[in-house]
Amino acid sequence: MINRTLRQADSEMARILAGELERQKTTLMLIPSENYASRAVMAAAGTIFTNKYAEGYPRRRYYHGCEYYDQLEQLAIDRAKELFGAEHINVQLHTGSQANMAAYWAMLEPGDKLLAMSVAQGGHLTHGDKINFSGVAYEGHFYGLDPDTDQLNYEMIAEQARQVRPKLMIAGASAYPRIIDFKRMKEIADEVGAYLLADIAHIVGLVAAEAHPDPVPYCDVVTSTTHKTLRGPRGAMIMCKEEWGDKIDRAVFPGIQAGPLMQIIAAKAVAFKEAQEFGFREYQRQIIRNCQALAASLLEEGFTLVTGGTDNHLLLVDLRNKGVTGKLAADLMEMAGMVVNKNLIPGDPLPSTETSGIRPGTPGLTTRGMKEPQMHQIGKAIARVVHDGHDGEGNPNEAVLAEVRAEVRELCAMFPIYEDLEA
Ligand code: DSN
């Protein structure tokens, strides 16, 4: 039984996988938190390393038979340390949310105050939002954006920090298209006696390639995912100063996790190696150039961009002047083969299920090898969908969407992914 292929063992799942492979090959990935993992990363994630428990840490396991698991986890840790220059790294986190949970568990007591960017202005649920564990276990306080610029205003954040006196300040966002000044955040945290955590889940690849200022020298703890701009397997990690190392490790295991996913840690090690190879730095810089080219193309088409542009891998498009909601735009774009997030814009009058914006990003497009001319073409395709892809009452214009879908298919065929991969 264990020797059958997926197709032999479960034809129903194989059919679903084949469908998804076709979808990924023939659509444009515009979700900024997604990417196409390499064949090598996926191969490691699909290995026999899935078969073993390895609770504990290298050379300190609660299970026997961990010789190769010690080697693979140590390799992942060593490579990540070299890549990020961090003093201590834990690579066992299953998700970005769990990375934040473990960090808070290590740094805070229940009821302590944290100060972070609000979800409504671009922050993340796990930064103290009321509907998340982080807002139940801790007292969440939030800074927003400067209403005049839609950018972080460090004087305003400092003023709020003086009033709140948080135990922990969080720098990091899910939908912010500009540089974050971690050095300035550290000065604010020091002034009010707070710890500083950076959540770089989105920008981690840019940071690794020095295409975004580095938080590691300034922060007590840095949390991140490994599957977004870093292009590794779906997972997460925590970097910290040596003095936090034991507390962080104990918060991860046995604090909030038991058995680590060793096959995913192996895939993380592969991704960290790929991030040190020739071409990765250029890839990250091209992500930004592509995002700026997409921004320029959308501006030419009369779109409004929150902050007017971007310094990183994503854009926030305010659709209010176009007479469509974020949800309708994203639905229509999906019909045309362009998969994007609907997203709240600062001060959004609509709920998060509808929204007034979309959040396109370029990590996936750049992995396909696309450059500025393709970004220009995609900007025009988005404009066509938003302008002509509906009848003004929310109904799709099938003919226009089919034309754009055909153009998208052609573009995908010119920049193929996973060519000889079989489902
Ligand atoms: N996955 C994150 C993002 O897309 O920004 C949110 O959890």
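The values are calculated or read from the model by the stated rules, or taken from the named source; none is laboratory data. Bear in mind the structure is a predicted one, so any value in this text is a computation, not a measurement. So basically every Cβ, Gly included, is an ideal-geometry build from the backbone, and we count neighbours across all protein chains shown.
Assorted remarks:
- Search result, residues across the stretch 138-173 that are surrounded by fewer than 20 Cβ atoms within 10 Å (Cβ to Cβ), over 24 Å from the mean Cα position of the chain (by Cα) and within 17 Å of Leu108 (Cα to Cα): Glu139, Val164, Arg165
- Residue that is surrounded by the most Cβ atoms within 10 Å (Cβ to Cβ) [pool: residues in the stretch 115-135 that are free of Cβ contacts under 8 Å to residues at least 12 places away in the same chain and away from the ligand (no atom under 14 Å from the Cβ)]: Gly135
- Failed condition for Tyr69, given (1) within 16 Å of the ligand (Cβ to nearest atom); (2) part of a helix (DSSP H, G or I): (1)
- Of all residues in the stretch 333-371, those being within 16 Å of the ligand (Cβ to nearest atom), among the small types (Gly, Ala, Ser) and either part of a loop (DSSP other than H, G, I, E, B) or at pLDDT below 95 (or both) number 1.
- Considering the conditions (1) buried (at least 21 other Cβ atoms within 10 Å of the Cβ); (2) closer than 28 Å to Ser118 by Cβ; (3) touching a strand residue (DSSP E or B) at 6+ places or on another chain (Cβ under 6 Å), Lys327 is excluded by exactly one of them, (1).
- Within the stretch 92-110, one or more residues are surrounded by fewer than 24 Cβ atoms within 10 Å (Cβ to Cβ), within 16 Å of the ligand (Cβ to nearest atom) and part of a loop (DSSP other than H, G, I, E, B).
- Looking only at residues of the stretch 184-216 that are closer than 19 Å to Lys247 by Cα and not aromatic (Phe, Trp, Tyr), we find that the one that is nearest to the ligand (Cβ to nearest atom) is Asp199.
For (1) more than 24 Å from the chain's Cα centre (by Cα); (2) within 16 Å of the ligand (Cβ to nearest atom), each residue gets a yes or a no:
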residue: Arg7; (1), (2): yes, no
residue: Tyr36; (1), (2): no, yes
residue: Val41; (1), (2): no, no
residue: Asn51; (1), (2): yes, no
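- So Asp181, is it buried (at least 20 other Cβ atoms within 10 Å of the Cβ), among the charged types (D, E, K, R) and either over 25 Å from Leu30 (Cβ atoms) or within 16 Å of the ligand (Cβ to nearest atom) (or both): no
- Residue in the stretch 233-251 that is more than 14 Å from the ligand (Cβ to nearest atom), more than 18 Å from Ile89 (Cα to Cα) and at pLDDT 95 or above present: no
- No other residue among Gly245, Gly235, Gly255, Gly308 is surrounded by fewer than 20 Cβ atoms within 10 Å (Cβ to Cβ) and within 18 Å of Asp78 (Cα to Cα) apart from Gly245.
- In the stretch 39-66, the qualifying residues are those that are in contact (Cβ under 8 Å) with a residue 24 or more places away in the chain and assigned to a loop (DSSP other than H, G, I, E, B), and the one that is surrounded by the most Cβ atoms within 10 Å (Cβ to Cβ) is Ala54.
- Counting residues in the stretch 11-23 that are out of contact with any helix residue (DSSP H, G or I) (no Cβ under 8 Å at 6 or more places or on another chain), of a type outside the set (D, E, K, R) and crowded, with 16+ Cβ neighbours inside 10 Å gives zero.
- Whether a residue is touching a Lys or Arg at 6+ places or on another chain (Cβ under 8 Å), touching a residue at least 40 places away in the same chain (Cβ under 8 Å), surrounded by 19 or more Cβ atoms within 10 Å (Cβ to Cβ) and not in a loop (DSSP other than H, G, I, E, B) was assessed, and Ala80 passes this test.
- Val252 meets each of the listed conditions (1) of a type outside the set (Lys, Arg); (2) on the phi > 0 side of the Ramachandran plot; (3) touching a Leu at 6+ places or on another chain (Cβ under 7 Å) apart from (2).
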